[in-house]
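Take a look at the following structure, please.
Bear in mind that the values in this text are calculations on the coordinates, not laboratory data. Note that the structure is predicted; figures quoted are calculated from it, not measured. Positions of Cβ are generated from backbone atoms using ideal geometry, with glycine treated the same way; all protein chains shown enter the neighbour counts.
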Amino acid sequence: MLVCSCNFITDKDIQETIIGLLDEDCWQLIVPAKVYHAMEKRGRCCGCFPNVVDIIIRTTEQYHAARHSTDDQIFDFMTRLKHFHEENRRADLERRHKSHRAA
Ligand code: FES
């Protein structure tokens, strides 16, 4: 399924890149910009980023479930990852709201 129409990136491309990043360091926090950088792409309109965040969370959860990570490690990491992305979404909305008011 096409996720990013600006760069013609599919969900499979994104999942494979995330798995590659997790193979390098399975506890790193992955953000859409890191995924796109690894694919040598960049966000243009960035309208796909919320979907990319969902794919990051889902793929990371599946990655750890299939490995020897303990439930406590997975729960702690996924809590941090979801919190991190929620904070980013909130900051992004505030930035948009401020720039809308300034215009
Ligand atoms: S849809 Fe992905 S950058 Fe525009």
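Give me a comma-separated list of calculated 3J(HN,Hα) values for the range 13-21, in order, Karplus coefficients 6.51, -1.76, 1.60 applied at θ = phi - 60°, integers in Hz, x for any Gly or Pro.
For the range 13-21, the Karplus curve yields 4, 5, 4, 5, 5, 4, 4, x, 5 Hz.
Lone cysteines in the chain, defined as no other cysteine's Cβ under 4.7 Å from theirs: which are they?
Cys6, Cys26, Cys45, Cys46
Further question on the same structure: Run through the chain and list the chymotrypsin sites (Phe, Trp or Tyr not before Pro) located in a DSSP loop whose Cβ has at most 16 other Cβ atoms within 10 Å. Each step should come with its number before you reach the end.
Working: sites: Phe8, Trp27, Tyr36, Tyr63, Phe75, Phe77, Phe84; in loops: Phe8, Trp27.
Here the sparse-neighbourhood loop sites are Phe8, Trp27.
Let me ask something additional. If the elastic network links every pair of Cα atoms under 10 Å, which of Glu61, Glu16, Glu40 fluctuates the most in the Gaussian network model of the chain?
Glu40
I've got another one for you. Do you know the relative contact order of the chain, to the nearest whole percent, from alpha carbon pairs under 8 angstrom that are 6+ apart? If you can, show how the numbers build up before the last one.
On the way: 64 pairs, mean separation 26.2, N = 103.
For the chain, the relative contact order is 25 percent.
Using a simple spin-label model with points 7 Å from Cα along the Cα→Cβ vector, what separation in nm is obtained for Asp76 and Asp54?
Placing both labels 7 Å beyond Cα along the Cβ direction yields 3.0 nm.
As an exercise, identify the trypsin sites (Lys or Arg not before Pro) in the range 1-88 lying in DSSP coil whose Cβ has no more than 14 other Cβ atoms within 10 Å.
Working: sites: Lys12, Lys34, Lys41, Arg42, Arg44, Arg58, Arg67, Arg80, Lys82; in loops: Lys41, Arg42, Arg44, Arg67.
Qualifying residues, ordered by number: Arg42, Arg44, Arg67.
Put +1 on the Cβ of every Lys and Arg and -1 on every Asp and Glu Cβ in the chain; which of Cys48, Trp27, Ile9 then has its Cα farthest towards the positive end of the dipole?
The Cα lying farthest towards the positive end belongs to Cys48.
Next question. Relative to the Cα centre, what is the charge dipole magnitude of the chain, using +1 at the beta carbon of each Lys and Arg, -1 at the beta carbon of each Asp and Glu, and rounding to the nearest 20 debye? Spell out each step's value before the answer.
Values: 15 positive and 16 negative charges, 153 e Å.
Dipole about the Cα centre, nearest 20: 740 debye.
Using all alpha carbons of the chain, what is the percent of pairwise distances in each 10 Å bin, ordered from the shortest bin to the longest?
14, 44, 30, 10, 2, 0
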